[in-house]
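Notes for the one structure printed next.
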Amino acid sequence: MSLKRNKDVPKLVEKYRAKYPDLDRDLLRKLIRLENPDLFFEGKNLKYYNNLKNLDRYLRKAFASKLSGQPLLKKSSNDSVEKALLELAKEQCKTTMEEVASKVGIPPSSIELSVYRLVQKHGWKTSKTKLGEVEIDFNRPFDPETLRFG
């Protein structure tokens, strides 16, 4: 016995993504649900839950492959992220994700996954600051001689 899949949801995601390219994922999800009550009629049935699950899945795929209009990171950009991290490790004891992104020239959300992989690869540690920024600790002891004032 084979299960039939509903082909309406992926078509809807493609249609609305093409029609409204500048909308974010949450707003697009809400718009699709409001304009298609026949597929997303709120009820306690399996079809409703499956359609919602499929909608979330296809929206996630659509937005992950685009990364807000930028192509997925390639090997060369991963190498540039690693190179930037190693340069910052020589200069400083700690750095932030935003500083790495500005050094590479790619938005922080695009390089986040590769930064976490490189942190794990090199044995560094990450933490969050009070402002919610991701801070990378290069595990170097603090040297008071390198501290500059003014």
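Each reported figure results from applying straightforward, stated rules to the coordinates on display, with no laboratory input. As the structure is a prediction and not an experimental result, all values here were calculated from the model. FYI the Cβ positions are ideal-geometry reconstructions off the backbone, even for glycines, and counts take in every protein chain you see.
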Amide H neighbours of THR96 at under 5 Å, excluding residues fewer than 5 places away on the same chain, with H built from the backbone geometry, are ILE136
For segment 75-146, the dipole about the Cα centre with charges only on Cβ (Lys and Arg +1, Asp and Glu -1), to the nearest 20 debye, works out at 260
Links exceeding 20 Å between C-alpha atoms in this model, out of LYS61/LYS103; LYS30/LYS61; LYS103/LYS130; LYS83/LYS128; LYS83/LYS130; LYS94/LYS128, come to LYS61/LYS103; LYS103/LYS130; LYS83/LYS128; LYS83/LYS130
One finds, for GLU133 and PHE41 with R0 = 41 angstrom and r their Cβ-Cβ distance, a FRET efficiency to the nearest 0.05 of 0.45
Any aspartates and glutamates whose Cα falls less than 14 Å from that of LYS19, other than same-chain ones fewer than 8 residues away, would be GLU35
